[in-house]
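Data first, discussion second: the structure below is written as structure tokens.
Please treat every number below as a calculation from the coordinates, not as lab data. What you see is a predicted model, and the numbers here were worked out from it, not measured in a lab. Here Cβ is always computed from backbone atoms with ideal geometry, including for glycine, and neighbour counts include all displayed protein chains.
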Amino acid sequence: MRTNEGIWDRAFRILLGTAILSLTIVGPRSWWGLLGFVPLVTGITGHCFVYQLLGISTCEVPPPETRAHR
């Protein structure tokens, strides 16, 4: 699996996942808060399957390699 999430995308997903997951402990205390695992796991791993299916990547593009042609 290649990383297809940029740094800001990953940070946002981790914060969002943690906030949604906290709904199982504080707030309405609903089991729907377990959906917070999805953005949390994708943020930690740096890979989103939906991005992969749509061909989206928020990663910074690495500079092209420069090779001397012989």
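Mean residue ellipticity, 222 nm, helices only, the chain: the sum of -39500 (n - 2.57) across DSSP H runs of n ≥ 4, divided by residue count and rounded to 500, is -12500 deg cm²/dmol. Each residue of the range 28-34 was assigned a 3J(HN,Hα) from its phi angle through the Karplus expression (A = 6.51, B = -1.76, C = 1.60, θ = phi - 60°), giving x, 6, 9, 5, 4, x, 5 Hz with x at Gly and Pro.
Fully extending the segment from residue 11 to residue 60 would add 16.2 nm, taking 0.36 nm per residue of separation and subtracting the current Cα-Cα distance. Ordering 47-54, 25-32 by mean Cβ neighbour count within 10 Å, with the highest value first, yields 47-54, 25-32. In terms of other Cβ atoms within 10 Å, 14, 56 run from fewest to most in the order 56, 14. The orientation-averaged projected area of the convex hull spanned by the Cα atoms of the chain comes to 6.1 nm².
Sequence-distant contacts, meaning Cα pairs under 8 Å at least 6 residues apart, place the relative contact order of the chain at 43 percent.
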